[in-house]
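The values are calculated or read from the model by the stated rules, or taken from the named source; none is laboratory data. Treat the numbers as computed from the prediction; the structure is a model and nothing was measured. Methodologically, a virtual Cβ is constructed for each residue, glycine included, from the backbone with ideal geometry; neighbour enumeration extends over all protein chains shown.
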Amino acid sequence: MKNFTNWETMGREYFPILMLVGFVAANAVMMLALSHLTIRPRPTPVKQVAYESGIPPLGDARERFSVKFYMVAMLFIVFDIETVFMIPWATFYRQLSCDVPLVNGGCSAAHLSFFGLGEMLVFIAILLVGYVYVWKKGALQWD
């Protein structure tokens, strides 16, 4: 971590990032302005019809969905977010599995522990129990 003694030093450090942000903002504004100035809108009835994925719309947009649809969607989000928690664990696996601070990124065999792997095994077991519970309740059945 750098210790910035004055604003000038800090400004020099962050100047390339500020330039990049400024360029991106200017580019976005320029593209929107150019498209607004150069394209003439020609609305036709065909252009005004909703069109998605190459299929004309069928029915009303305010159609009711089954509760099962929302249940599967929520379960997907829950299990997806839970599995994302494995990324930080994988990043710190070496530190979690060593009883002493790491030396040159390694741990001697005498100081290895089961803590890092054990934590993840408990986490996966909890996820598996939740998955089996949801499966047995029939929440994944799309009747």
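Observations, loosely collected:
- Search result, residues across region 84-143 that are of a type in the set (D, E, K, R), in a helix (DSSP H, G or I) and farther than 30 Å from SER66 by Cα: ARG94, GLU119
- Restricting attention to region 41-83 and to residues that are among the aliphatic types (A, V, I, L, M) and not in a helix (DSSP H, G or I), the residue that is surrounded by the most Cβ atoms within 10 Å (Cβ to Cβ) turns out to be VAL49.
- Looking only at region 90-104, residues that are touching a Phe, Trp or Tyr at 6+ places or on another chain (Cβ under 9 Å) and either polar (S, T, N, Q) or under 29 Å from ALA139 (Cα atoms) (or both) come to 1 in all.
- Subset of region 5-27 (residues that are modelled with pLDDT of 95 or more and either aromatic (Phe, Trp, Tyr) or touching a Cys at 6+ places or on another chain (Cβ under 7 Å) (or both)): PHE23
- For region 125-137, the tally of residues that are among the aliphatic types (A, V, I, L, M) and surrounded by 14 or more Cβ atoms within 10 Å (Cβ to Cβ) stands at 2.
- Any hit, region 126-140, residues being among the hydrophobic types (A, V, I, L, M, F, W, C) and in contact with a strand residue (DSSP E or B) (Cβ under 7 Å, 6 or more places away or on another chain): no
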